[in-house]
Amino acid sequence: MQNAIPTAAATPEGAHPFPHRHLTGIFGLQPWEITFLLDEAEQWVDLNRQSSKHDDRLAGLTQMNAFFEASTRTLLSFEIAGKRLGADVVNMHAAQSSVKKGETLIDTAVTLNAMRADVIVIRHQASGAVQLIADKVDCPVLNAGDGWHEHPTQALLDALTIRRRRGAFEKLRIAICGDILHSRVARSNILALTALGAEVHVIAPPTLMPPAIERLGVIPFTDFDAGLEGADVVMMLRLQNERMQGGFIPSPREYFALYGLTRERLDRAAPDALVMHPGPMNRGVEIASDIADDLERSAITEQVEMGVAVRMACLDILTRKQRGVEGWA
Ligand code: NCD
């Protein structure tokens, strides 16, 4: 167990470890609340490595996963997480739902609520859609990614992966590289990793760098090699083509030449630097295949494993109030 790692983020005396009804983003979370979620996730990493993976503390509760955008890892891991905790899990795919018939988001939310969901997980292409639903329903809502805004459970699983491999965040230099502008993964990771005390470099072409990003406490670089210098963790991002209108990059080939992670580039980072990617990867665009598949360096499959544990922790914690858990009701 690694959850005894000392961090600067222990819950202060008398503070509630997680006083929030929903998880719509990392924004607004205190460092010790993030640490609490990571600590809680550790027990589920252990359980998920056993042959019997059940802890049925959510038995009797209904978990609805409403996904308005494509997903493999996030949807599957929320479904597995709910099932391992004993909840009745149902998935709503927008492509096969009444959304296609013109139903508004609020009407969909009211419908899920009327079926007495006990926890709702939402992915939506519009930034702010998850908050809109959270304001309309009677149960906790978890953000599984909303537009360019936030993807909090991705940032938590990334932080858990980093903490298990590298320990305390305070001494780490973490480089986040690629389409920072359109990436909810980048935004949630910047908020989480700076809160936990890491030095965060963001690296992107000028067209994909959000203006005034340094106000979030990060150091921006448009030169990939300079930004990678001495990095302990290199987190690569996919170009979010579905969120781009117009030409943000000259061509995928030129993008790879300037911003793709190759073995030579990785040599600029710390000698044992960890390579991460939230998936789905576009091999040969943002990352070379030999790096992605290098088990010595790449933590990409471990990120997926941590995703289930983190989502179990979030589902457990957010439903404690309705389950009447002592100290939460
Ligand atoms: C990310 C997402 O959907 O934001 N994927 C994920 O959840 N693992 C990143 C991406 O789509 O590029």
About the Cα centre of the chain, how large is the charge dipole given +1 on each Lys and Arg Cβ and -1 on each Asp and Glu Cβ? Please answer in debye to the nearest 20. 580 debye
List residues of region 256-283, by number, whose backbone nitrogen lies under 19 Å from a label position 7 Å along Cα→C-beta of residue 216. 276-280
Can you pull the semi-axes for the chain, root of five times each eigenvalue of the Cα gyration tensor, sorted largest first, whole Å? 32, 24, 18
The size of the Cβ-based charge dipole (Lys, Arg +1; Asp, Glu -1) of region 162-228 about the Cα centre, to the nearest 20 debye, is 440 debye
Once you have the alpha carbon radius of gyration of region 181-329, what is it after dividing by 2.2 N^0.38 Å, with N set to its residue count? 1.19
Taking the Cα centre of region 18-85 as origin, sum charge times position over the Cβ atoms of Lys and Arg (+1) and Asp and Glu (-1), and report the length of that vector in debye to the nearest 20. 200 debye
Once the dipole of the chain is set up with Lys and Arg at +1 and Asp and Glu at -1 on Cβ about the Cα centre, which of 81, 233, 93 lies farthest towards its positive end? 93
A correct Kirkwood calculation over the Cα atoms of region 1-140 returns a hydrodynamic radius in Å of 16.9 Å
Roughly speaking, what is the stretch gain from residue 138 to residue 254, that is 0.36 nm per residue apart minus the C-alpha to C-alpha distance, in nm to one decimal? 36.9 nm
Can you find, among 104, 29, 252, the residue farthest towards the positive end of the dipole of the chain? Put +1 on the C-beta of Lys and Arg, -1 on that of Asp and Glu. 104
Using a Gaussian network model of the chain with C-alpha springs under 10 Å, which one of 24, 262, 161 is most mobile by mean-square fluctuation? 262
Kindly report the accessible area of region 26-69 per residue (heavy atoms of protein chains, probe 1.4 Å, no ligands, DNA or RNA), in Å². 42 Å²
Between region 167-200 and region 284-304, what's the alpha-carbon centroid distance in Å? 18 Å
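The values are calculated or read from the model by the stated rules, or taken from the named source; none is laboratory data. Everything quoted here is computed from the prediction, not taken from an experiment. Virtual Cβ from ideal backbone geometry, glycine too; neighbours counted across all protein chains shown. Heavy atoms of the whole protein, side chains included, go into the accessibility calculation; ligands, DNA and RNA do not. Shrake-Rupley method; radii C 1.70, N 1.55, O 1.52, S 1.80 Å.
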